[in-house]
Structures are given as C-alpha cells and as structure tokens.
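Laboratory data are not the source of any read-out in this text; all were calculated from the coordinates shown. Please read these numbers as outputs of a predicted model, since none were measured by experiment. Cβ atoms come from the backbone with ideal geometry, glycine included; neighbour counts cover every protein chain shown.
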Amino acid sequence: MNSDVAVIRDSTCVAASVKQPKQIPKGKSQANTVSKRNKLRQHAVKQLGIAEGSNMYVSLLGAINYVQALKQVHVHMFRTGLNQTRYLVNKLVDMYCICGNMEIARLVFDSIPDRNGFLWNVMIKRYATNEPFDETLVLCCQMQEEGLQPDKYTFAFLLKASASLIAPQEGKQIHNRIIRYGLESDVFVGTSLIDMYAKCGLMEFARQCLTKFPREM
C-alpha cells in the first residue's frame, strides 16, 4: 500500500510541475489568441462536466490497476471537492469495476444523485462482465424507475448477461423489448442477440436474427 501511495504522490508532483508552464512575453495578437483559446477550453470543460484541475486525476484513474491506490486517489478527490465532478465520478466507478471491486463501485454509484444514462450503462456493463449477472436486470428496472430508458448499449449488456446465465427465457423477454424499441435491426444489438441465442443453444432463433440485418451488410 505504501508503494501505491508513493506512486500517486510522485505522479501528483510530476503533474504539478508541468501544470504551470513559464510565461513568455507575448504581443497583443498572441495574447488575444491565448485568451480566446482559454475561453474555448473553459467552455468545453464546462460542457463535458470536467472540473478545472481535474486532468491529473483523469490520467491517474486511467493508469491505476490496484484498488488500494485507487482508494487513495478517491480520498484525495474527496478532500479537494472533485468527487462531485461528473466525468471523474463516472471514471472512478468504472475503474473500481475494472479493478474487480464491484462492492465499492456500487457504493459510489449508489451515492451519486441524478445519475445519467452513461453511468447506468457503465454499471450494467460491468455486472454483465463481472457478476452477479442477474444484477443487470435489477439495475435496468431501477434505471427506468428513475425516468431513464434503456438504449442499444443497455440491451446489449443485458443480452450478454443472459448469455452468461444461459437464460433463454430472460433473453427472449429482452428481445421482445428490443422489438418494441425498434432496435432489432441495429448491428450492435443484433450481434448481441445472435450471440445470446447461440450460447443458449437456440440456433434457429440466432439465424432468424441474422435475417433482420440490413441487406447492405
């Protein structure tokens, strides 16, 4: 754990050392150009939900593959107030899942107010990969109760979970919902349907799904 903390501290020092480059004298036109760029950057950052000064954390979260190190970054985010930054929180939840700690990922996920569709899909995807697979269906129901509708990615993750469970009945129910949403001919959803039916041993259903693909494929 001490080595993990040292790595984070070293990374923080490096990031801090390059964060503020030396200023050189600029002409009026150069200064105006820089000012415009800064304004555009601030606007983009605001639109993406990325807080100022969070770039270091984005890099750290993407590089860490140990839960203890991830916890240290999480604590530091909390102390600096960046734990409320939507983009970073989404990344944090995903990284806890990737590190195999679904329990902490779920705790962080449950503590987030006004969760968007992207975050729901992150969590559903990871349950479809890491187990318990049936939790994907539970989360999908909760998502709808909060007023959000599943999209093609949600359905693909649900189908993956059904394939892993070898649960053709659940898979067929999901298929019926996909038809109601008009997503049966979507390539991403269609390949997931074929995979689910094939893994459940229902090859005729898999062949029928294949015929739904656009002709140009």
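Below is a table of values for the structure above.
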read-out: Peptide ranges 141-151, 195-205 listed from the most packed, as the mean C-beta count within 10 angstrom indicates; value: 195-205, 141-151
read-out: Estimated inter-spin distance, Ser59 and Thr211, nm [label 7 Å along Cα→Cβ]; value: 5.6 nm
read-out: Residues Phe155, Phe213, Phe78, sorted so that the one with the fewest Cβ neighbours within 10 Å comes first; value: Phe78, Phe213, Phe155
read-out: Given Lys152/Lys172; Lys152/Lys212; Lys172/Lys199; Lys125/Lys212, the pairs whose alpha carbons are separated by over 22 Å; value: Lys125/Lys212
read-out: Pairwise label distance in nanometres, Ile166 with Tyr66, each label 7 Å out on the Cα-Cβ vector; value: 3.9 nm
